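Below is one structure, written out as structure tokens, with a few remarks after it.
The values are calculated or read from the model by the stated rules, or taken from the named source; none is laboratory data. Only a predicted model underlies this, so the values are computations on that prediction, with no experimental measurement involved. All Cβ positions, glycine included, derive from the backbone under ideal geometry; neighbour counts span all protein chains shown.
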């Protein structure tokens, strides 16, 4: 049964329902969030190269993209509780299979399937959040919770890598401790399933009712724009540790402290963005954030003073996260079905997945200035692709006509 929808199909997502929705995503997506630790553990446990370990990460993130893209389109017709129970059950079994995996080849398959299940959950969560009465605030809180989870994983996972050295377990490798943590988190997620809000289903249309309304092309272009922005951002962000050590002459411990500050900013910024997105139109704040991305990218890529890294590093690393509640709220206003917001993890994941490879090639020129210009180019292109969807969403808020009317939440 759905949670008391309004006439336009939107539901109240607040209180413990919102906590459950955020917990559902974070607890099942932890393995993807802990990917740098996973790569380290795989290298140590299977005695393989960084390239082979990175390929495991690529398989898992590719699975996330495929699962989220598929379920973003069908989630509005499904019972989310069934999706969550089924996907969590599969994640539990696949994490057990990962722990017992005897070869890197089997690990590829296990992690690809795990990623697909996690993608299904994330897409369903984001599709549901897109149906909220205040979508920007809902996305702001969920993205802020991601920052909290990131800090917790940064504390827990280094200890999990050492679990095999204790007397508590026998025959485990370093990577097994990581996946034991992810297994436990998935089991905990089961407790939240019944509390997750349920939006009304989109009716399957019969031939008499006509075809289901197509999602607006500007929405898909906006999703591509998000992918381009995250790709460009990643071509520099993935190498911020190198920038701090090589250009700023900082110690690894100091760079780690800067990233901790970034995590704190990543908690506060989405909450602020959710408030702004709820009370104001999206065009100006989106433009300001993209301008800040460009400014800090050039500052970081070209500076040699440590102060620049301390000030700009944490902000630059988390600015796209701050933008997400506003952009996703805009997409939720031109598509009441939640399919566009549900699809966004696929585009963001794919964009971020290619960033290390391309960013590494760009940095081979000898410094990171070119990486900064890569961020600038992708921010301009991505912003241009976002423009029409943002403008249409602002027109919806003003009650003005738009080129494509918002896709309804139901098939009627």
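Couple of notes before you dig in:
Per-residue answers, yes or no, for (1) exposed (fewer than 15 other Cβ atoms within 10 Å of the Cβ); (2) in contact (Cβ under 8 Å) with a residue 60 or more places away in the chain; (3) under 24 Å from the mean Cα position of the chain (by Cα):
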residue	(1), (2), (3)
281	no, yes, yes
284	yes, no, yes
288	yes, no, yes
293	no, yes, yes
297	no, yes, yes
300	no, yes, yes
303	no, no, no
308	no, yes, no
314	no, no, yes
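- Conditions (1) part of a helix (DSSP H, G or I); (2) surrounded by 22 or more Cβ atoms within 10 Å (Cβ to Cβ): number failed by residue 337: (1)
- Which listed residue is buried (at least 22 other Cβ atoms within 10 Å of the Cβ), over 17 Å from the mean Cα position of the chain (by Cα) and either at pLDDT 90 or above or not assigned by TED's automatic domain parsing to the domain that holds residue 341 (or both), from 96, 91, 155, 121: 91
- Scanning the range 158-171 for any residue that is part of a helix (DSSP H, G or I), within 20 Å of the chain's Cα centre (by Cα) and assigned by TED's automatic domain parsing to the domain that holds residue 19 turns up nothing.
- The residues of the range 186-211 that are surrounded by 16 or more Cβ atoms within 10 Å (Cβ to Cβ) and either at pLDDT below 85 or in a loop (DSSP other than H, G, I, E, B) (or both), listed by number, are 196, 197, 198, 199, 200, 201, 202.
- Conditions (1) surrounded by fewer than 22 Cβ atoms within 10 Å (Cβ to Cβ); (2) part of a helix (DSSP H, G or I); (3) touching a residue at least 12 places away in the same chain (Cβ under 8 Å): number failed by residue 250: (2)
- Taking the listed residues 311, 348, 381, 284, the one that is closer than 30 Å to residue 248 by Cα, assigned to a helix (DSSP H, G or I) and at pLDDT 90 or above is 381, with no other qualifying.
- Only a single item in (1) out of contact with any strand residue (DSSP E or B) (no Cβ under 8 Å at 6 or more places or on another chain); (2) at pLDDT 85 or above; (3) surrounded by 22 or more Cβ atoms within 10 Å (Cβ to Cβ); (4) under 24 Å from residue 129 (Cβ atoms) is not met by residue 332, and it is number (1).
- Some residue of the range 71-87 being surrounded by 24 or more Cβ atoms within 10 Å (Cβ to Cβ), modelled with pLDDT of 95 or more and not in a loop (DSSP other than H, G, I, E, B): yes
- Here 45, 103, 72, 68 are screened, and the one residue that is more than 23 Å from residue 155 (Cα to Cα) and more than 18 Å from the chain's Cα centre (by Cα) is 103.
- Leading residue by the ranking (surrounded by the fewest Cβ atoms within 10 Å (Cβ to Cβ)) among those in the range 7-46 that are out of contact with any strand residue (DSSP E or B) (no Cβ under 8 Å at 6 or more places or on another chain), at pLDDT below 85 and not in a helix (DSSP H, G or I): 7
- Taken together, the criteria place residue 138 among residues that are part of a helix (DSSP H, G or I), in contact with a strand residue (DSSP E or B) (Cβ under 6 Å, 6 or more places away or on another chain) and either on the phi > 0 side of the Ramachandran plot or not assigned by TED's automatic domain parsing to the domain that holds residue 353 (or both).
Residue by residue, here is whether (1) in a helix (DSSP H, G or I); (2) within 21 Å of residue 378 (Cα to Cα); (3) over 23 Å from the mean Cα position of the chain (by Cα); (4) at pLDDT below 75 holds:
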{"site": "215", "(1), (2), (3), (4)": "no, no, no, yes"}
{"site": "220", "(1), (2), (3), (4)": "yes, yes, no, no"}
{"site": "224", "(1), (2), (3), (4)": "yes, yes, no, no"}
{"site": "230", "(1), (2), (3), (4)": "yes, yes, no, no"}
{"site": "233", "(1), (2), (3), (4)": "yes, yes, no, no"}
{"site": "265", "(1), (2), (3), (4)": "yes, no, no, no"}
{"site": "270", "(1), (2), (3), (4)": "yes, no, no, no"}
